[in-house]
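Here is the structure we will look at, set down as structure tokens.
The values are calculated or read from the model by the stated rules, or taken from the named source; none is laboratory data. These figures come from a predicted structure and were not determined experimentally. Backbone-built Cβ (ideal geometry, glycine too); neighbour counts: all protein chains shown. Heavy atoms of the whole protein, side chains included, go into the accessibility calculation; ligands, DNA and RNA do not. Shrake-Rupley method; radii C 1.70, N 1.55, O 1.52, S 1.80 Å.
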Amino acid sequence: MLSGTLPPITKVKPSRSWRILRRLLLILLVALVAIAAWLYSIARSPLPELDGTISVQGISGPVSVIRDNHGVPTIEAATLDNLFFAQGYVTAQDRLFQMDLLRRAAAGELSEIVGNIALKHDRQQRILGLRAATEKGLQTVTPEDRQHFDAYARGVNAYIDSHRDRLPLEFSLLHYSPRPWKIHDSLVIGYQMVETLSTSPQAALTREKVLARLGPELTADLYVNSSWLDHPPTAPASSANSPPPASEHVPAGTVPTSGSRTADAARLSIWLQPHFRNDDPAPLGSNNWVVSGAHTISGKPLLSNDMHLGHQMPNLWYEAHLRSGDFDVAGVSLPGYPYIFVGHNRRVAWGFTNVGPTVEDAYVENFNQSGEYQTPDGWKRPEIRHEVIHVKDAQDVSLDVQVTRHGPIVTELAPGETRKIALRWTLYDGVRNPFFHVDSAQNWEQFRRAFSELDAPGQNVVYADVDGNIGYQATGKVPISASGDGSLPVDGNNNAHEWIGYVPFDKLPSIFNPASGIIGTANARITLDGYPYSISAEWEAPWRVDRIYRVLGFGRKFSASDMLAIQTDIFSELDRFVADKLVYAADHAKNPPPQAKQAADILRSWNGQMTADSAAPTIVSHARLELKRMLLEPKLGLASDQEQGSDLSWKSYHWMMETVWLENVLSHQPPRWLPPNYSSFDDLLAAALDAAVTKAPADLNSWKWGPQNSVTIQNLVLGKIPIVRRWTGPGEQPQSGSGYTVKASGRDYGPSERFTADLSNLDGSTLNLVTGESGNFLSPYYMDQWKAWYYGHTFALPFSKTAVENTAVHRLMLVPK
């Protein structure tokens, strides 16, 4: 056994260098914490006051602002002047940076804050001249509207002036401060919406080239503009009222699976989408419908609306409830613009889809060497509109826009075009604003009278009231041309193609209390055969509207929750049809490849639901694209031809009813469309299926639709900051649905809101946005609605005074200073 004492433990003193390093690390840590706290305080400083009392310069009496648990304001004032002042102030509290960005995007002033990346967009907007058009627009503003717009602008400015030292974080990051708000700014934001919802003349220029290449028969096939599935709202009830097949059930909601890819947050999202589109345009559209009490559990109408638009962060619409005496209306507003656009008041409810009327014509102008253009009255010199674009960290860019009798020369906006193309557009004639009277309407007659003044954008409006009535009205100024329908460019040197008037409002499609008790639109054709006027040269394909009519005509009684289930429905009739053709072809083709047979087996048992965790939607979507390529390449050329300077390739063809062309080809199999080297359409379809899965995973069942159809939503500025971007937007998420399902969905677009009005109990109405009310990313209301939108849930829309009081979370009073 060992004995003795252990030697004492000697303490080793840390070296001087180590002590210095430790102190430096501690100082660095404290500094980082201090910087983080400072940045956090800066980010929090723009958060608006939601409770208490604020003295404000510019109002004559107190205004109450009650917010619910999603930050949605109910604004109540004794006078309309104070009400719209407060709407401007409160909207600026939540969306000031977005409002500034919207007016800059519309006017072509983004380069001033973000640099050259936005220069192409700004040039487009300056050429189109939306800001210049506001001068004529001011002439159409009634004294009543001018007073409301002015009050709104004063409210915005009151907020800006009192918060110069604590503006939203984006202003600090981009190193600028917003200029005062003017009526022009509200108008130009409205005009931007008109631009977004207008069809582009680029389609006419492309169609002209296709016609020259293919001749009239094949061109007529490609540019089909009607379908056996069309449901014009004024048509009598049809076979659409038969029940859908068992596989076409209405889901209770869609639950996308998880997974994501890195999104490019640097892009400018919705603000930089070109008006003259020469690539595949996002299929923007909307759904709306209304059913009478004969189809509802309550015995009173239900009205639903989800408008499909490009995604942005924060979302486009701002939810609000405005109340002043008998003026009492709730729904969604456009940031920067007074009134409510879609919603309900105490008696009536309404919702929109875009008509897509042909309101733009491309005129080919003949210029001489002296810079004059030819007219029936001789040669004239165009007006010159001088534009100066300020570019951050670069020299100003000057631009002279030639303006003819038809409109500005827009040749620069049409790649490959060398002729002088003038754009005529109803927007340039001035656009009236009817929304105060829409918000105030108490019955069908007042409602129609108000909408007779909605010049643009042309909308399909569905209507319901508390008395049990339902209705539909098409709106908008639709030109009547001396000849032509806007589908091709026309000569500008004579009067053969001049506009000779507009379709009279009382001749636009309209119906009140149809016998079927069902009205629905989804951007598809709204005119019956034999209708005397040309409203649109390009309707949307009827897949969504047909599905809506099939489900609503099922024969059951509906509740408000059923409306949400239809809004989130993901059955694709188009893709189910194509899948059946592919399966048949794989079974009957001479020597189908093994992988094509495997793909066909997956499609064989598919029920047509575009679910995120399924492989079938991916297979059929890729096969459709391959089929389009194989059909069009022999006619229009390879994609590489266009890259080498050719006017056309198969990728040039984009048409909202192109899937109807494809359906017609597959249904009727005309020999003129069978490509060389294929003995039958079965062989063609089998080859398309094989080409679609060539680059797919070996296990086709792992080729999920959700990541293929992902949605990307990110804050334009804050989303570029590492780490922080995790909290500034949903980013990229997989999703169910497609562009051809009622739940229209894609990477950059989708339902911008989901609204249902219950006319038996207005407090039973529902509304949800995409992300949230606030544009301030540290606000609890910045992204609190996202999960509901993503997973297919919604929220109550309190309306009565009792319901508003019962859901109140914040109370703010604005009082005169």
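General remarks:
- Accessible surface area normalised per residue over the range 655-719 is 38 Å², counting heavy atoms of protein chains with a 1.4 Å rolling probe.
- On the basis of the beta-carbon distance and an R0 of 22 Å, ARG166 and ASN69 show a calculated FRET efficiency of 0.35.
- With a Förster radius of 22 Å applied to the beta-carbon distance between TRP499 and THR140, the computed FRET efficiency rounds to 0.80.
- Annotated for the range 553-630: lysine pairs at least 8 residues apart or interchain, Cα distance under 24 Å, count 5.
- For the peptides 616-622, 792-798, 637-643, the ranking by packing is 616-622, 792-798, 637-643, with the highest mean count of neighbouring Cβ atoms within 10 Å listed first.
- Expressed as a whole percent, the accessible area of the chain that falls on carbon and sulfur atoms is 54 (1.4 Å probe).
- Working from Cα pairs under 8 Å separated by at least six residues, relative contact order for the range 660-804 is 14 percent.
- In the full protein context, the range 33-181 carries 37 Å² of accessible surface per residue, based on a 1.4 Å probe and ignoring ligands, DNA and RNA.
- Between ASP393 and THR219, the contour length at 0.36 nm per residue exceeds the alpha carbon distance by 57.9 nm.
- When each of the peptides 468-481, 114-127 is scored by the mean number of other C-beta atoms lying within 10 Å of its residues, the order from highest to lowest reads 468-481, 114-127.
- Measuring r between the beta carbons of ALA78 and TYR533 and using R0 = 41 Å, the FRET efficiency lands at 0.35.
- Cβ-placed point charges (K, R +1; D, E -1), dipole of the range 49-175 about Cα centre in debye, nearest 20: 580
- Dipole of the chain, positive direction: furthest Cα of ALA522, LEU119, ASN469, with charges on the beta-carbon: LEU119
- Relative contact order %, the range 370-490, counting alpha carbon pairs below 8 Å whose residues are six or more apart: 13
- At 0.692 mPa s and 37 °C, Stokes diffusion of the range 655-810 via Kirkwood alpha-carbon radius, µm² per second: 165
- For the peptides 768-774, 211-217, residues were scored by their other Cβ atoms within 10 Å and the scores averaged per peptide; the highest-first order is 768-774, 211-217.
- Charges were assigned to the Cβ only: +1 to each Lys and Arg, -1 to each Asp and Glu. The resulting dipole of the chain about its Cα centre is roughly 2820 debye.
- Full-stretch length increase - GLN442, LYS209 - with 0.36 nm per residue and alpha-carbon distance subtracted: 78.9 nm
- Test item: Cα-centred dipole of the range 136-206, Lys/Arg +1 and Asp/Glu -1 on Cβ, debye: 140
- Between the listed residues ALA220, PHE799, GLN139, the Cα displaced farthest toward the positive end of the dipole of the chain, a dipole computed from Cβ unit charges relative to the Cα centre, is found at PHE799.
- Solvent exposure of the range 535-624, expressed per residue, is 31 Å² of accessible area, with all protein chains present and a 1.4 angstrom probe.
- Model label sites at ILE723 and ARG449, defined 7 Å from Cα along the beta-carbon direction, differ in position by 6.2 nm.
- Cα shape, the range 145-215, gyration tensor, a/c 1.5 rule: oblate
- The helix-based estimate of mean residue ellipticity at 222 nm for the chain, built from -39,500 (n - 2.57) per DSSP H run of four or more residues and divided by its residue count, is -10000 deg cm²/dmol to the nearest 500.
- Placing a label point 7 Å from the Cα of SER640 along the Cα-to-Cβ direction, the residues of the range 613-631 whose backbone N falls under 18 Å from that point are 629-631.
- When you restrict to C-alpha pairs under 8 Å that are six or more residues apart and normalise by the size of the chain, the relative contact order lands at 21 percent.
- Among LEU508, SER304, GLN735 the positive-end extreme of the charge dipole of the chain (Cβ point charges): GLN735
- Formal net charge of residues neighbouring GLN147 (Cβ-Cβ distance under 14 Å; K, R +1; D, E -1): -2
- Prolate/oblate/rounded label for the chain (Cα gyration tensor, a/c 1.5): rounded
- Of the DSSP H helices in the chain, those that are both long (alpha-carbon extent of 30 Å or more along the helix axis) and hydrophobic (Kyte-Doolittle mean at least 1.0) are 16-44.
- Gyration tensor verdict on the range 307-462 (Cα atoms; rounded if a/c is under 1.5, prolate if a/b is larger than b/c, oblate otherwise): prolate
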